[in-house]
1. Could you tell me what percent of the accessible area of the range 88-163 is made up of carbon and sulfur, with a 1.4 Å probe and every protein chain present?
2. Quick one: check the C-alpha center-to-center distance for the range 61-80 versus the range 121-148, whole angstrom.
3. Which cross-chain or sequence-distant (5 or more) residues have an amide H under 5 Å from the amide H of Leu118, H modelled 1.01 Å from N in plane?
4. Hey, what's the per residue convex hull volume over the C-alpha atoms of the range 1-104, in cubic angstrom?
5. Calculated from DSSP H runs of 4 or more alone, at -39500 (n - 2.57) each and per residue, what is the 222 nm mean residue ellipticity of the chain, nearest 500?
6. Could you work out the equivalent-ellipsoid semi-axes for the range 15-171, taking the square root of 5 times each eigenvalue of the Cα gyration tensor, largest first, in whole Å?
7. When ligands, DNA and RNA are left out and all protein chains stay put, how many square angstrom of accessible area per residue does the range 40-148 have with a 1.4 Å probe?
8. For the range 103-171, count the residues as N, evaluate 2.2 N^0.38 Å, and divide the Cα radius of gyration by that value, please.
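The values are calculated or read from the model by the stated rules, or taken from the named source; none is laboratory data. Bear in mind the structure is a predicted one, so any value in this text is a computation, not a measurement. Accessible surface areas use protein heavy atoms only, side chains included; no ligands, DNA or RNA. Shrake-Rupley method; radii C 1.70, N 1.55, O 1.52, S 1.80 Å.
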Amino acid sequence: MDHFAEYMVKKQPDRRDVSKRILILLLAAVLVVITVFATLITRIPLILLITCGVVYGAYWLLSSLSVEYEYAVTNGEMDVDKIIARRKRVRLISVEIAKFDAYGAYTDDVPDDENRTLVLCADNTGEGEYYADLETEQYGATRIVFTPNEAVCACIEAALPRQLRRPGKEA
């Protein structure tokens, strides 16, 4: 029987994202004022093209702060993609679930491991987060932190190694 589930979560902005937005808007406003002022002084209307470029650049940078993560679980393999502004998709990691060393709800009880590479692809709310620890060729010791729905969790649990399955969740 094939197991397939996918789920997409939108990353909620944190303080750093808000600070970046404010900085981009302030810089854009300053550059627009400077270019408009330069156009008025020099009477060269082509400088307004620079103004249009500044406005478009600010829009492009602001929209690039919109990030979504897509989890796809297919027959024991999990792929995590990062989607930036709905215009660019980047594969963050692709792993075999059978290679998980640890898996479960990501709570304060889960010990931090500074030697692990952290692949953070959660929605940034702190609710419903799960983690998976494993060894990968690309990153070495790795911890994935993500926010799956019930269907993704069911597909992951069906492919987990026997020692990580919860009682009553045998596939």
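1. Answer for the range 88-163: carbon and sulfur cover 43 percent of the accessible area.
2. Taking the Cα centre of each part, the range 61-80 and the range 121-148 sit 12 Å apart.
3. Close amide H contacts, sequence-distant or interchain: Arg143.
4. Hull volume over Cα atoms, normalised by residue count, gives 112 Å³.
5. That comes out to -11000 deg cm²/dmol.
6. 46, 15, 13
7. 59 Å²
8. In units of the globular-protein estimate, the range 103-171 measures up at 1.13.
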